[in-house]
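First, the structure itself, so that you have it in front of you.
The values are calculated or read from the model by the stated rules, or taken from the named source; none is laboratory data. Note that the structure is predicted; figures quoted are calculated from it, not measured. Cβ coordinates were reconstructed from backbone atoms using ideal geometry, including for glycine residues, and neighbour counts include every protein chain displayed. Protein only, heavy atoms only, side chains kept; ligands, DNA and RNA dropped before computing areas. Shrake-Rupley method; radii C 1.70, N 1.55, O 1.52, S 1.80 Å.
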Amino acid sequence: MDRIMNMIWNSEKGEFLGRDGWSWGKISLFYFIFYSCLAAFFAVCLALFFLTVSEDDPKLKDSDTLLGENPGMGFRPMPNYQTTLIRFEQGRPSVYKPFTDQLQAFLEQYDPARVQGDELDDCQNNVKNNERTVCKFSVNAVIGSVCTRQNGFGYEKGKPCVLLKMNRIYGWKPDLYKSLNESSAMKEVLGSRFDPDYVGISCQGENPADKEYIGKLSYHPPQGIHKKFFPFLNQRGYRQPFTFVKFENPKEGQVIQVTCKLWAKNIANSERLIDSVHRQGSVHFELLVD
């Protein structure tokens with residue numbers, strides 16, 4: 001025990017852990033200078049890095065990013081991110097409440113009081129002042145009184161509304177079809193809803209049985225997403241445009257496989273043999289109404 005205590009503090013030599021005060025001072029000074037230089041080098045490197053990065057303009061764009069140049073789609077409600085199944089029992093609020101709550105939470109970010117920015121504009125007559133102008137996305141104009149919290153987003157009566165949105169890609173602008181005749185597949189699914197100023201959106205059952213069970217669909221707005229909401233340039237106050245699809249009479253007790261697609265010349269979807277895993281230009285979910 002005495003040997004251990006003597007190793008810690010040697011009173012005869014005045015050493016602590018084998019070093020006297022002068023030795024401890026020199027080694028402390030060395031490490032202080034060493035780590036100070038290391039921290040300064042790191043700070044200089046970080047400063048030089050930030051000089052190459054813009055807060056508004058990403059360094060990597062288009063095909064250089066993981067997202068690529070082809071926008072994908074997302075849908076809500078999706079309270080459980082481990083499944084794409086929307087299952088509920090009509091007439092039982094406690095069952096479908098998680099779905100309606102998530103839809104309402106998503107819509108709250110579009111509240112005019114929460115949307116602020118110097119580049120926001122009403123875009124009268126659907127005309128933008130310049131490319132950086134952010135056209136206000138009016139939820140009331142999009143959904144009207146069809147898909148609202150007041151009517152339970154249709155879940156109460158077994159006619160659910162599903163929100164469809166495009167993933168944001170910096171600087172991407174749609175190359176729109178000018179005529180239905182440019183794509184026979186698009187003509188079949190859009191029909192009278194086609195508008196040359198909109199990115200078209202369509203949903204249908206994946207398999208023959210799904211197409212039979214899915215029933216009638218209505219879209220709000222029916223045309224899709226207007227071109228005035230593009231491009232996304234990280235503007236303050238920008239909100240993703242979206243549309244609602246309402247399932248008017250899906251067959252009860254059947255799992256319906258649903259695929260929704262975007263339609264523009266520069267959007268690849270399954271029509272162009274994109275594999276079903278990555279779902280470029282489209283989104284998949286299942287619907288089950290009990």
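With +1 assigned to the C-beta of every Lys and Arg and -1 to the C-beta of every Asp and Glu, and no other charges, what is the dipole magnitude of the chain about the Cα centre in debye, to the nearest 20? Can you show the working numbers first?
Details: 35 positive and 34 negative charges, 84 e Å.
Value, rounded to 20: 400 debye.
Compute, for region 31-168, the length of the dipole vector about the Cα centre, with Cβ point charges of +1 (Lys, Arg) and -1 (Asp, Glu) only. Units Debye, rounded to 20.
On the way: 15 positive and 16 negative charges, 156 e Å.
Rounded to the nearest 20 debye, it is 740 debye.
Please state the equivalent ellipsoid semi-axes for region 32-106: what are the square roots of 5 times the Cα gyration tensor eigenvalues, largest first, in whole Å? Spell out each step's value before the answer.
Values: eigenvalues 452, 80, 23 Å².
For region 32-106, the ellipsoid semi-axes come out as 48, 20, 11 Å.
Work out, in µm²/s and without decimals, the Stokes-Einstein translational diffusion coefficient of region 23-70 at 20 °C, 1.002 mPa s, Rh from Kirkwood over C-alpha pairs.
It comes out at roughly 152 µm²/s.
Carbon and sulfur: what percent of region 10-163's accessible surface (1.4 Å probe)? Could the numbers behind the result be given before it?
Numbers: 5840 of 10500 Å².
Roughly 56 percent of what the probe reaches on region 10-163 is carbon or sulfur.
Below 8 Å between Cα atoms, with a sequence gap of 6+, how large is the relative contact order for the chain in percent?
Details: 459 pairs, mean separation 64.0, N = 290.
So the answer I get is 22 percent.
A further question follows. If you filter region 165-251 for trypsin sites (Lys or Arg not before Pro), then keep DSSP loop positions with at most 11 other Cβ within 10 Å, what is left? Each step should come with its number before you reach the end.
Working: sites: LYS165, ARG168, LYS178, LYS187, ARG193, LYS211, LYS216, LYS227, LYS228, ARG236, ARG239, LYS246, LYS251; in loops: ARG168, LYS178, LYS216, ARG236, ARG239, LYS251.
Here the trypsin sites (Lys or Arg not before Pro) that fit, given the DSSP loop and packing criteria, are LYS178, LYS216.
Calculate the translational D of region 150-237 in whole µm² s⁻¹ from Stokes-Einstein, where the hydrodynamic radius comes from the Kirkwood formula applied to all Cα pairs, the temperature is 20 °C and the viscosity 1.002 mPa s.
Numbers: Rh = 15.3 Å.
Using the Kirkwood radius from Cα pairs, D works out to 140 µm²/s.
Okay, helix-only estimate at 222 nm for the chain: each DSSP H run of n ≥ 4 adds -39500 (n - 2.57), divide by all residues, round to 500 deg cm²/dmol; what do you get?
Values: 6 runs with 72 residues, N = 290.
When only DSSP H runs of four or more count, the value is -7500 deg cm²/dmol.
Apply the Karplus parameterisation 6.51 cos²θ - 1.76 cosθ + 1.60, with θ equal to phi minus 60°, to every residue of region 41-49 and state each ³J(HN,Hα) to the nearest whole Hz, in sequence, with x for glycine and proline.
Values per residue, Gly and Pro as x: 4, 5, 5, 5, 4, 5, 5, 5, 5 Hz.
Where the Cα atoms of the chain are projected onto their three principal axes, how long is each span, largest first, in whole Å?
98, 49, 42
Cysteines of the chain lacking any other cysteine beta carbon under 4.7 Å?
Unpaired cysteines in the chain: CYS37, CYS45.
If you don't mind, another one. State the three equivalent ellipsoid semi-axes of region 93-208, derived from the C-alpha gyration tensor as the square roots of 5 times its eigenvalues, in descending order and whole Å. Before the final figure, lay out each step's value.
Numbers: eigenvalues 148, 122, 30 Å².
Equivalent ellipsoid semi-axes, largest first: 27, 25, 12 Å.
For region 85-180, run through the GluC sites (Glu not before Pro) and keep only the ones in DSSP coil with at most 14 other Cβ atoms within 10 Å of their Cβ. Could the numbers behind the result be given before it?
Numbers: sites: GLU89, GLU108, GLU119, GLU131, GLU156; in loops: GLU89, GLU119, GLU131, GLU156.
Within region 85-180, the qualifying GluC sites (Glu not before Pro) (loop, at most 14 other Cβ atoms within 10 Å) are GLU131.
To continue, here is another question. Run through every distinct alpha carbon pair of region 124-174 and return the Kirkwood hydrodynamic radius in angstroms, one decimal place.
Working: mean 1/r = 0.0722 Å⁻¹.
Taking every pair of different Cα atoms in region 124-174, averaging 1/r and inverting gives 13.9 Å.
Taking the Cα centroid of region 181-197 and of region 26-52, what is the distance between the two, rounded to the nearest whole Å?
61
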